[in-house]
Amino acid sequence: MAAKSFVRRARRAAAQREASSELPFWKRKSLARMSKGEWESLCDGCGLCCVNKLEYEGTGELAQTDTCCKLLDPRTARCRDYKNRKKIVPDCIQLTPSVVAKMDWLPKTCAYRLVHFHQDLYWWHPLVSGDPETVHQAGISARGKVIPEDQVEDITERVVDWFA
């Protein structure tokens, strides 16, 4: 009887492994277990993490601006020098699983955040749609909406609410 039970459990486990391998990697793996390629492909290319936010002293409240890191290309919503960004912009925050877990300023639509909280990616995410343009077509990106911070005199005058 124990042998039959063991065989049933082994078959069930094999079936579960087989079924789970059909799921996309972001539904099967935690952020920490992803390969570098998987991690990078989770980025939807919206550029919103590179848009500047202001934190009000006292309240800790965040305000969105329409300014971005000087390396973000406003026409493409992509970093102009992704490989060297930390050298050029030392305070650039590199997303890692631990950063994602504690940073509440990431957009609610951010794939890293969604995976961390075991939520599905949106239909417009390139891994779902198969098209890197859908994030922009859905209006979920910084493309065409931001200006580099080095072209602005006073960032405090650039607060917006369209990236909430």
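Please quote Rg/Rh for the stretch 84-150 to two decimal places, taking the Kirkwood radius as Rh and restricting both calculations to Cα atoms.
Rg/Rh for the stretch 84-150 comes to 1.00.
With contacts defined as alpha carbon pairs under 8 Å and 6 or more residues apart, what's the relative contact order of the stretch 21-164 in percent?
Result for the stretch 21-164 is 35 percent.
In Å², and per residue, what accessible area does the chain have when probed at 1.4 Å with the other protein chains present?
65 Å²
Given the rule -39500 (n - 2.57) for each run of at least 4 DSSP H residues, summed and divided by the residues of the chain, what is its mean residue ellipticity at 222 nm, to the nearest 500 deg cm²/dmol?
Calculated at 222 nm, the ellipticity per residue is -8000 deg cm²/dmol.
Direction-averaged shadow area of the convex hull around the Cα atoms of the chain, nm²?
Averaged projected hull area, Cα only: 12.8 nm².
List the residues of the stretch 98-133 whose backbone N lies under 14 Å from a point placed 7 Å from the Cα of residue 41 along the Cα-to-Cβ direction.
Within reach of a label on residue 41, which here means backbone N under 14 Å from a point 7 Å along Cα→Cβ, the stretch 98-133 contributes 126-132.
When the chain is fully extended, how far beyond the present Cα-Cα distance does residue 76 get from residue 53, taking 0.36 nm per residue of separation?
Extending this stretch completely gives an extra 6.3 nm.
Pull up all non-local amide H partners of residue 29: gap of 5 or more, or a different chain, and H-to-H distance under 5 Å with H placed in the peptide plane.
Long-range HN contacts for residue 29: none found.
Please list, in chain and number order, the residues 5+ apart from residue 145 or on another chain whose amide H is under 5 Å from its amide H, with Hs placed from the backbone.
Those qualifying (amide H under 5 Å, at least 5 residues apart or on another chain) number zero.
Output the 0 to 90 degree angle, nearest 10, between the alpha-carbon long axis of helix 2-20 and the longest principal axis computed from the alpha carbons of the chain.
30 degrees
In the structure shown, do any of 29/86; 87/145; 27/87; 29/145 have a Cα-Cα gap over 31 Å, and if so which?
Details: 29/86 27 Å; 87/145 26 Å; 27/87 33 Å; 29/145 33 Å.
Too far apart for the 31 Å limit: 27/87; 29/145.
I'd like the carbon and sulfur percentage of the solvent accessible area for the stretch 33-88, probe radius 1.4 Å, heavy atoms only, ligands and nucleic acids excluded. Mind showing how you got there, number by number?
Values: 1630 of 3260 Å².
The nonpolar share, carbon plus sulfur, comes to 50 percent.
Connecting C-alpha atoms closer than 10 Å in a GNM of the chain, tell me which of 130, 58, 37 has the biggest fluctuation.
58
From the convex hull of the Cα coordinates of the stretch 38-129, what is the mean projected area in square nanometres?
6.8 nm²
Please list, short to long, the whole-number percent of alpha-carbon pairs of the stretch 34-91 in consecutive 10 angstrom bins beginning at zero.
The calculated distribution, bin by bin, is 20, 42, 30, 8.
Give me the percent of the accessible area of the stretch 113-162 that comes from carbon and sulfur atoms, probe 1.4 Å, all protein chains in place.
47 percent
What residues have an amide H closer than 5 Å to that of residue 70, excluding those fewer than 5 places away on the same chain, when H is modeled at 1.01 Å from N in the peptide plane?
Amide H to amide H, under 5 Å and 5 or more residues apart or across chains, residue 70 pairs with 149, 150.
The values are calculated or read from the model by the stated rules, or taken from the named source; none is laboratory data. In this text the structure is predicted, and so the values were computed from the model without any measurement. Note that we place each Cβ from the backbone using ideal geometry, even for glycine, and neighbour counts take in every protein chain shown. Protein only, heavy atoms only, side chains kept; ligands, DNA and RNA dropped before computing areas. Shrake-Rupley method; radii C 1.70, N 1.55, O 1.52, S 1.80 Å.
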